[in-house]
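See structure below.
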Amino acid sequence: MVNVTFTIVISSVSPVRQVCHVICQEAILHISNGATDKEYCLVYNSLWTNLSLSLSTAYPLVNLSSRKLCSSAGVSPAIVRGKVVVVMRGECNFSQKAVVAQDLGAAALIVASTKSMSPPGANVTEYEKVQIPLALMRYMDFLDAQSVFGEEMQVRLYAPAVPVFDVSIVVMLLIGVVTVALGGYWSGACERERLSASRGGGGGEEKSDSGDLALYSPLKVVIFVGLMCLMLVLMYFFYKYLVYVIIAIFCLASATALFSCLDALLDLAKCSPMSVTVLGGSVSVRSVLLSAVCVTVAVVWGVYRNEDRWIWILQDLLGVAFCLNFLKTISLSNFKICVILLSLLLLYDVFFVFITPLFMPNGESIMVQVALGPDAAGEKVTTHLFVCLSLPVVMRVPRFSAWTQNLCGMQFSILGYGDIIVPGLLVAYCSRFDVWVNSPKKVYLFCCCIAYLCGMVLTFAVMLVTKMGQPALLYLVPFTLLGSALLAWRRGEMRQFWNGTTYEVSTGTLKQMNFTQALTKHGL
């Protein structure tokens, strides 16, 4: 149940991560007094502000950090005309400050922030009103600049060009494909064990497919997607409370998933459980040690989750384990359910990313607001640096080309867990179908993984060409659904592939209702 709940959250916000990654652009503030030069980090919104790609004209800097500049009262235009103005963050939104500075004749506006360095934003209708560059810098950096240069500063704002393609994209692609393939293979292996036990007359309570929970009716799928929508809306209104709930659930769910994965590896390696008798009962030493390790890893991640330099390794490890365990645990009973679920999630994706900005008061999508945190466009953000990376719902790999840029910290390529889990459920179904029909060389699993790879490549290609984040399901869902359907049609197994295995609830147990002929045909 923990897995299902957390996946609702994952699917709710993962596409926004890619959008957020694009608009969280960083720039450099170059300060000089003729004898000394020093550079500081700036954060700006590339959808709002254009900055030079190289060192350009130097402007004098005027220090108005004692003001919030929500109005022009008490500020003489002669003081700021043609200069870069530094003001403090707070009391009014970024666009209001920028318009006031622009009316006073300022060449650019820098907002010093003692809070988070989330990218400046506003209602899209405000973008056209502001014609001067706008960026954020850390207040501590401004104090450092004052101590080094005093009040006589010549400044340049520029955003160095970064390579369009980075090797981290290839690493992220491999993580996604390998996780989906291993999760599908694991699901098929569990199904094979279940059928072997059934043939051997093992008895006992029968599980639905290979998992602990099956989505076997359209009504369940609709309820599942409805809960996802509800969770996203609740996150929008109660973000500052629910974010900690999500972090706690992730720690619990990922520790459990990591235990499941490591335990399966040790079973595969024929490692003895090393059971001992304690208080008259048998206790597995291996399980106790594994539990301690998994809980420790999850707790360390929870405590140090905002340490960019190394914590991404633990987050990716826990994320891969979570996705693998989910694909093994949750099963879709037939291709019809796969089509309904993935299609609804695609519509959900498009609606909350592209449609909600049309009627939201600030012009932003609900997903973007959830990813950036409450009041991200205004002055009340209280979460950590780059809120878009604070929720544990993405794989992160540092951009190799940006490792030398130490002013602003590490930059990451990211992929949402939902972009692995959602199409991965179809891959897992294809793997189980391979078992049911005894297909040679796991042809359905292989074909669906290739389709997933093609969808991912297209997603990254479009992202690189447009320089905008993409909701990956927009490409992954059509590729995986059409690829697997075409294979089933070509092999003459479309009817079986569509019907799969369905279940009905009777006296608290799940009973198999069809696909009996296919199982009998292949001696299962």
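The values are calculated or read from the model by the stated rules, or taken from the named source; none is laboratory data. Remember, predicted model here, so these are calculated numbers, not experimental data. Here Cβ is always computed from backbone atoms with ideal geometry, including for glycine, and neighbour counts include all displayed protein chains.
Any residue at all in the range 496-507 that is more than 19 Å from residue 394 (Cα to Cα), in a helix (DSSP H, G or I), among the aliphatic types (A, V, I, L, M) and modelled with pLDDT under 95? Within the range 496-507, none of the residues are more than 19 Å from residue 394 (Cα to Cα), in a helix (DSSP H, G or I), among the aliphatic types (A, V, I, L, M) and modelled with pLDDT under 95. Note on the range 158-202: among residues that are modelled with pLDDT under 90 and of a type in the set (Ser, Thr, Tyr), the one that is surrounded by the most Cβ atoms within 10 Å (Cβ to Cβ) is 168.
Quick one: would you say residue 270 is at positive phi and of a type in the set (Lys, Arg)?
yes
How many residues are exposed (fewer than 13 other Cβ atoms within 10 Å of the Cβ) and of a type in the set (D, E, K, R) when one looks only at the range 130-157? Selection size over the range 130-157: 2. Here 252, 290 are screened, and the one residue that is in contact with an Asp or Glu (Cβ under 7 Å, 6 or more places away or on another chain), assigned by TED's automatic domain parsing to the domain that holds residue 417 and part of a helix (DSSP H, G or I) is 290. One residue alone among 281, 226 is exposed (fewer than 15 other Cβ atoms within 10 Å of the Cβ) and more than 25 Å from the chain's Cα centre (by Cα), and that residue is 281. From the residues in the range 237-247 that are part of a helix (DSSP H, G or I) and without any contact (Cβ under 8 Å) to a residue 12 or more places away in the chain, which one is farthest from residue 305 (Cα to Cα)? Looking at residues that are part of a helix (DSSP H, G or I) and without any contact (Cβ under 8 Å) to a residue 12 or more places away in the chain, I get 237. The set of residues in the range 284-309 being without any contact (Cβ under 8 Å) to a residue 12 or more places away in the chain and within 18 Å of the chain's Cα centre (by Cα) consists of 307 alone. Of 51, 42, all but one fail to be within 16 Å of residue 109 (Cβ to Cβ) and at pLDDT 85 or above; the exception is 42.
The residues in the range 392-420 that are crowded, with 24+ Cβ neighbours inside 10 Å and part of a helix (DSSP H, G or I) can be counted, and the count is 3. Within the range 330-344, the residues that satisfy the criterion of being at pLDDT 90 or above and under 21 Å from the mean Cα position of the chain (by Cα) are 341, 342, 343, 344.
Residue pairs whose Cβ atoms lie under 8 Å apart, separated by 6 or more positions or on different chains, with the first residue in the range 77-105 and touching a residue at least 24 places away in the same chain (Cβ under 8 Å) and the second of a type in the set (Lys, Arg) and in a helix (DSSP H, G or I), are 87/97. For residue 433, the test of being assigned by TED's automatic domain parsing to the domain that holds residue 217, without any contact (Cβ under 8 Å) to a residue 12 or more places away in the chain and more than 30 Å from residue 27 (Cα to Cα) is failed.
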